[in-house]
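What follows is a single structure, written as structure tokens, with notes after it.
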Amino acid sequence: MQDVKEKGAAQGGLRERKKRATRAALAEAAVRLAAEHGAEKVTVEAISAAAGVSVRTFFNYFDTRDDAFVVIDADAGARIRRSVREAPAALSPLEALRDAMAAELAEAEQQHELWRLHAQVLHASPHLLVRTLGAHLADETGLAEAVAARIRAGGPVTAEPASASASSSDEERRGALDLYPRLLAGVASTAVRTSVEHWCARPEEAAFLDVFQEVFALLAAGLPAPPA
């Protein structure tokens, strides 16, 4: 019985990795085609062909063509929220956030070129930039909910917080999203963006994750001013 469970878990993990790889291939194809031809000229058919999948497969991962340009890895937010909720009780909320985000950014240096092209595409297409900002704000809200759930539980939480469900009342949602979780989610998101921008400007000076860890160390220390 144990062998059957382990085999099932392994197969589930393999399916998940394949799904992530397919989504990533589609998003990368969309970004590269848009960087070369302009997003408005890129079709679903062209994206699918470049990724080596069918149009039907494309719509298994994205509802519209524009969705492929908006967020390169749409599942990353869910993985980060789960990691924050399930992190060991000994970790502070900031430490839990740091570790969850670091795990997602482990291959950041390999994504440098794609990030650069993605930024070019977004700035050339204002409607995509607006949609991307909206997606990031939604992720930030979800992250604040995960932090709030962890704080209320006093440690790890194994399920999505009830306040994230569509049936939650406005009052319950406001209770989950109090000041500290909102602020921490916003600060952490800004810290990631600052780390990426700093490293992209001078990648030869330090590894990305070293820059990322330094940024979060400054946050944990209360942002002391550097010596003159």
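Of note:
- Whether segment 25-123 is rounded, prolate or oblate, judged on the alpha carbon gyration tensor where a/c under 1.5 counts as rounded: prolate
- Most mobile listed residue (29, 138, 68) in the chain, GNM with C-alpha springs under 10 Å: 138
- Ordering 30, 115, 207 by the projection of their Cα atoms onto the charge dipole of the chain, which places +1 on the Cβ of Lys and Arg and -1 on the Cβ of Asp and Glu, puts 30 at the extreme positive end.
- 10 Å Cβ shell holding at most 10 others, DSSP loop, GluC sites (Glu not before Pro): longest site-free stretch of the chain: 1-106
- Per residue accessible area in Å² of the chain, where ligands, DNA and RNA are left out and the probe is 1.4 Å: 58
- Distance from the alpha carbon centroid of segment 201-228 to that of segment 89-148 works out to 18 angstrom.
- Entry for Cα Rg over 2.2 N^0.38 Å (calculated from the structure that is shown) out of (1) 1.11; (2) 1.02; (3) 1.18: (1)
- Normalised contact order of the chain, rounded percent, pairs of Cα under 8 Å and 6 or more residues apart: 19
The values are calculated or read from the model by the stated rules, or taken from the named source; none is laboratory data. Every value quoted in this text rests on a predicted model; they were computed, and no experiment measured them. So basically every Cβ, Gly included, is an ideal-geometry build from the backbone, and we count neighbours across all protein chains shown. The protein model used for the area step is the full one, side chains on, heavy atoms only, and it has no ligands, DNA or RNA in it. Shrake-Rupley method; radii C 1.70, N 1.55, O 1.52, S 1.80 Å.
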